[in-house]
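The values are calculated or read from the model by the stated rules, or taken from the named source; none is laboratory data. All of these numbers come straight from a predicted model, not from anything done at the bench. Glycine also receives a Cβ, built like all others from the backbone with ideal geometry; neighbour counts cover every protein chain displayed.
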2 protein chains.
Amino acid sequence: MELVEICRRAKDVKYEVQKLSTQAKNKALISVADALVKRTDFIIEANRKDYDNGLSNGMHQGMLDRLKLDGKRIEAMAEGLRQVAELEDPIGTEIEHFVRPNGLEISKVRVPFGVIGIIYESRPNVTADAFGLTFKSGNAVILKGGSDAINSNIAITTVIRDALKEENINPDAVQLIEATDRAVTTQFMQMKEYVDVLIPRGSARLISAVVENSTIPVIETGTGNCHIYVDKDADLDKAIPIIINAKTQRIGVCNAAESLVVHKDIKDKFLPLFGAAMKEKNVEVRADAAAREILTGAVPANEEDFGKEYLDYIISVKTVSDVSEAISHINKYNTGHSEAIITENEETAKKFLNEVDAACVYVNASTRFTDGFEFGFGAEIGISTQKLHARGPMGLKELTSYKYRIVGNGQIRG
Amino acid sequence: MELVEICRRAKDVKYEVQKLSTQAKNKALISVADALVKRTDFIIEANRKDYDNGLSNGMHQGMLDRLKLDGKRIEAMAEGLRQVAELEDPIGTEIEHFVRPNGLEISKVRVPFGVIGIIYESRPNVTADAFGLTFKSGNAVILKGGSDAINSNIAITTVIRDALKEENINPDAVQLIEATDRAVTTQFMQMKEYVDVLIPRGSARLISAVVENSTIPVIETGTGNCHIYVDKDADLDKAIPIIINAKTQRIGVCNAAESLVVHKDIKDKFLPLFGAAMKEKNVEVRADAAAREILTGAVPANEEDFGKEYLDYIISVKTVSDVSEAISHINKYNTGHSEAIITENEETAKKFLNEVDAACVYVNASTRFTDGFEFGFGAEIGISTQKLHARGPMGLKELTSYKYRIVGNGQIRG
């Protein structure tokens with residue numbers, strides 16, 4: 001189907017999706033979940049084509065692994081949808097209510113965006129996840145997945161749409177852009193007349209391409225150059241496990257730590273422990289000169305290292321004279337994602353919490369907690385690293401806008 | 001000064017502005033207000049240059065009038081700043097607070113955006129207004145005003161900056177881009193590294209140029225193709241004054257009505273009254289065929305009329321069979337600004353409130369109330385017509401973002 005036709009259909013259907021009752025949405029989510037499980041073979045067959053294409057195109061093992069679907073992964077997708085059905089419906093909630101002196105009664109009410117566009121390059125399960133969250137929040141969605149997973153995405157979308165039809169819901173509530181050439185993706189970013197919000201999910205390169213080219217309002221997600229600052233008043237029994245967790249629990253995610261910042265007064269005591277821990281986890285350390293006095297085996301860190309999201313078994317180390325220098329360093333190099341301080345000093349912690357410019361600022365905890373599930377939102381469409389609209393983990397509420405309803409009895413402006 | 005240097009200074013100063021106490025900000029706002037009044041002659045002298053340039057460039061009378069500053073207008077600018085000083089400071093307010101089962105204490109706190117860019121083409125008083133609102137909400141601001149008012153804007157910014165210096169506040173909290181060529185404005189829209197949010201204020205053309213070219217997140221403001229729908233159950237004693245008010249109280253503003261939608265069952269009774277009212281106010285009526293059966297003198301309305309923000313003594317008229325058709329028509333042609341229904345039927349009103357897709361939806365009141373002051377926000381930077389972040393009138397709160405502060409005692413993710 002032509003891109004414009006897809007967009008037109010989404011715009012047409014959005015008022016229908018918006019009007020669906022919570023009950024109807026939940027029932028549909030469960031039906032879709034059941035259908036995904038029931039049609040596992042159909043999905044796996046399509047997925048095999050992508051997998052075989054990946055193999056013959058020399059896709060590397062990690063990517064192949066993420067691409068591959070099996071019964072367990074499809075069951076997990078279905079379970080995700082069932083969980084979304086359990087979540088509170090944000091639509092229609094009154095956020096504020098006030099009466100003006102002239103008698104006008106104003107209420108601020110949560111409403112869907114309308115049409116959300118999601119551009120992603122990651123695993124095919126995103127197709128089901130993105131449908132679940134956008135649908136439950138009353139939005140129509142247009143999905144543009146990576147070309148490597150196109151057959152899987154078509155199959156999953158087909159199953160979702162068929163199940164919606166069974167529920168007497170217009171299947172255009174979820175549409176997939178099947179064209180795989182880049183020109184279409186760029187054209188999609190310009191469909192401002194039809195699409196209310198665009199959310200890119202994936203690599204820094206994808207996100208910056210969307211920001212460059214989109215005329216639709218964008219929510220940037222995902223890039224995380226996260227720091228752990230070990231203050232002079234740190235409890236080292238907390239510092240070491242937090243750093244190991246933040247750096248190595250999952251290296252390829254946006255809330256993983258990429259850099260250690262350390263107070264000069266504690267470096268002699270702390271860095272040997274840190275060095276040993278990183279060595280045990282096979283993490284390469286790239287450190288400034290002051291840190292290398294202790295970390296004798298470390299590679300020298302250059303300017304570029306401090307600005308880098310490695311997503312790998314590498315960590316940079318920067319030595320600072322005080323918390324102010326730590327904050328300046330972090331505010332210079334971070335991506336506005338997640339930053340942590342390890343300290344027992346309340347004043348220092350407060351200063352760090354106030355002055356570090358990021359979506360999530362931590363005291364004595366791992367940056368890995370920046371996540372919709374860990375925050376208790378019950379779901380997550382991504383982590384926003386911009387300041388407009390939503391910041392940090394985005395759940396259902398963050399996929400909504402609001403409107404003002406004003407009731408009068410003939411008021412005119414004087 | 002080079003644009004990049006202006007942006008760099010704004011980014012550097014933003015952490016200072018963010019840390020200012022409410023008291024310090026309020027004191028500074030009042031000092032600036034006093035300085036504007038005290039240096040009235042200095043400002044008027046600069047304004048005269050713009051006025052004379054306007055005259056010799058053949059600027060039309062309405063524009064010249066809006067450009068011109070006198071003692072009274074400067075006093076009004078100062079009074080605006082004093083009012084902003086009275087408003088509650090949104091910064092630091094806790095929006096949510098929750099504790100997770102693992103003991104992490106999460107608080108969601110209101111913070112400034114950081115650096116706001118404002119591109120405007122309107123009157124020079126916007127310079128002082130925009131400073132007041134962005135400063136009180138803890139932001140640094142970079143202003144890019146219209147070239148027609150450049151001398152006035154330089155004078156006003158000079159007065160503001162001098163007064164800030166007197167208060168020991170870094171004057172770079174407010175900076176003006178003095179270059180008047182368009183290439184610089186376009187370059188400014190790409191300064192994503194330094195500027196957090198861009199707010200264009202002005203014509204539809206200006207706004208769409210910003211949306212096209214900006215890589216910085218934009219809040220779209222201002223275009224309003226507003227409708228009044230007169231339902232079959234309307235009280236005509238309310239309908240007529242509301243339409244006169246919405247259409248003619250101020251024709252050049254975004255919340256003025258541009259189109260009447262009328263139910264076929266009431267048109268025979270209502271349109272003669274409407275026609276007479278419009279005639280008395282010298283408003284040209286452009287109507288569809290059904291309406292012209294009654295409004296015999298009306299010009300035929302074409303497709304383009306329904307999509308047009310006239311900002312003039314012109315109104316279009318569309319006849320519909322029921323409220324659903326009215327809603328579809330409005331959702332097709334509106335700009336997401338303000339829409340009103342006149343009806344005594346609660347069910348119909350409810351349907352209209354729910355289904356019309358706009359920032360502000362009214363029952364039995366004039367669309368002219370879409371305004372930060374009328375909503376009781378005490379201030380207004382503009383009316384957002386997008387769904388991301390803020391929708392409708394934007395006051396101080398809408399010039400802020402939030403961050404999560406998370407306090408733990410050694411938590412790591414399992």
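Numbers at a glance
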read-out: Test: residue in the stretch B:84-102 that is part of a helix (DSSP H, G or I) and closer than 30 Å to residue B:409 by Cα; value: no
read-out: Restricting the stretch B:387-414 to residues that are within 30 Å of residue B:239 (Cβ to Cβ) and part of a loop (DSSP other than H, G, I, E, B), the residue that is farthest from the other protein chains (Cβ to nearest Cβ); value: B:391
read-out: Verdict on residue A:69 being assigned by TED's automatic domain parsing to the domain that holds residue A:156, more than 30 Å from residue B:397 (Cβ to Cβ) and at pLDDT below 95; value: no
read-out: Residue identified as closer than 23 Å to residue A:144 by Cβ and in contact with a strand residue (DSSP E or B) (Cβ under 8 Å, 6 or more places away or on another chain) among A:68, A:49, A:14; value: A:14
read-out: Residue A:9, sole failed condition from (1) crowded, with 19+ Cβ neighbours inside 10 Å; (2) within 14 Å of chain B (Cβ to nearest Cβ); (3) basic (Lys, Arg); value: (2)
read-out: Filter result (within 12 Å of another protein chain (Cβ to nearest Cβ), crowded, with 19+ Cβ neighbours inside 10 Å and part of a loop (DSSP other than H, G, I, E, B)) within the stretch B:192-238; value: B:195, B:196, B:214, B:216, B:217, B:219, B:220, B:234
read-out: Residue selected from the stretch A:375-386 under the condition in contact (Cβ under 8 Å) with a residue 12 or more places away in the chain and surrounded by fewer than 24 Cβ atoms within 10 Å (Cβ to Cβ), by the criterion farthest from the other protein chains (Cβ to nearest Cβ); value: A:379
read-out: Residue satisfying condition, being more than 17 Å from residue A:27 (Cα to Cα), more than 12 Å from chain B (Cβ to nearest Cβ), crowded, with 24+ Cβ neighbours inside 10 Å and not acidic (Asp, Glu), within set A:156, A:116, A:177; value: A:156
read-out: Wholly within the stretch B:104-191, helices (runs of 4 or more DSSP H) carrying at least 2 residues that are farther than 18 Å from residue B:214 by Cα; value: B:125-136, B:150-166
read-out: Enumeration of residues in the stretch B:15-56 that are without any contact (Cβ under 8 Å) to a residue 40 or more places away in the chain and not hydroxyl-bearing (Ser, Thr, Tyr); value: B:19, B:23, B:38, B:41, B:44, B:48, B:52, B:55
read-out: Among (1) farther than 30 Å from residue B:219 by Cβ; (2) more than 10 Å from chain B (Cβ to nearest Cβ); (3) crowded, with 24+ Cβ neighbours inside 10 Å - the single one residue A:329 does not satisfy; value: (3)
read-out: Every residue from the stretch A:349-369 that is under 17 Å from the mean Cα position of the chain (by Cα) and under 19 Å from residue B:110 (Cβ atoms); value: A:358, A:359, A:360, A:361
read-out: Failed criterion for residue B:297 (all others in (1) more than 19 Å from residue B:256 (Cβ to Cβ); (2) part of a helix (DSSP H, G or I); (3) not hydroxyl-bearing (Ser, Thr, Tyr) hold); value: (2)
read-out: Per-region count, the stretch A:96-123, residues touching a Gly at 6+ places or on another chain (Cβ under 8 Å) and within 30 Å of residue A:62 (Cβ to Cβ); value: 4
read-out: The stretch B:330-360: number of residues that are over 23 Å from residue A:410 (Cα atoms), in contact with a Ser or Thr (Cβ under 9 Å, 6 or more places away or on another chain) and not β-branched (Val, Ile, Thr); value: 1
read-out: Residue match in the stretch A:67-83 (condition: within 12 Å of chain B (Cβ to nearest Cβ), outside any helix (DSSP H, G or I), out of contact with any His (no Cβ under 9 Å at 6 or more places or on another chain) and touching a residue at least 12 places away in the same chain (Cβ under 8 Å)); value: no
read-out: Failed condition for residue A:261, given (1) farther than 26 Å from residue A:347 by Cα; (2) touching a Phe, Trp or Tyr at 6+ places or on another chain (Cβ under 6 Å); (3) modelled with pLDDT of 95 or more; value: (1)
read-out: Filter result (more than 24 Å from the chain's Cα centre (by Cα) and either modelled with pLDDT under 95 or not small (Gly, Ala, Ser) (or both)) within the stretch B:31-46; value: B:34, B:37, B:38, B:39, B:40, B:41, B:42, B:43, B:44, B:45
read-out: Filter result for the condition that a residue is at pLDDT 95 or above, under 30 Å from the mean Cα position of the chain (by Cα) and of a type in the set (Asp, Glu), over B:339, B:293, B:303, B:346; value: B:339
read-out: Yes/no for residue B:349 being more than 7 Å from chain A (Cβ to nearest Cβ), of a type in the set (A, V, I, L, M) and surrounded by fewer than 23 Cβ atoms within 10 Å (Cβ to Cβ); value: yes
read-out: Some residue of the stretch B:240-255 being closer than 25 Å to residue B:77 by Cα, surrounded by fewer than 20 Cβ atoms within 10 Å (Cβ to Cβ) and away from chain A (no Cβ under 13 Å); value: yes
read-out: Search result, residues across the stretch B:19-33 that are in a helix (DSSP H, G or I) and either at positive phi or not aliphatic (A, V, I, L, M) (or both); value: B:19, B:22, B:23, B:25, B:26, B:27, B:31
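Matching residues to (1) out of contact with any strand residue (DSSP E or B) (no Cβ under 6 Å at 6 or more places or on another chain); (2) surrounded by fewer than 19 Cβ atoms within 10 Å (Cβ to Cβ); (3) of a type outside the set (Gly, Ala, Ser); (4) facing chain A (nearest Cβ under 10 Å):
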| residue | (1), (2), (3), (4) |
| --- | --- |
| B:324 | yes, yes, no, no |
| B:342 | no, no, yes, yes |
| B:360 | no, no, yes, yes |
| B:363 | no, no, yes, yes |
| B:367 | no, no, yes, yes |
| B:373 | yes, yes, yes, no |
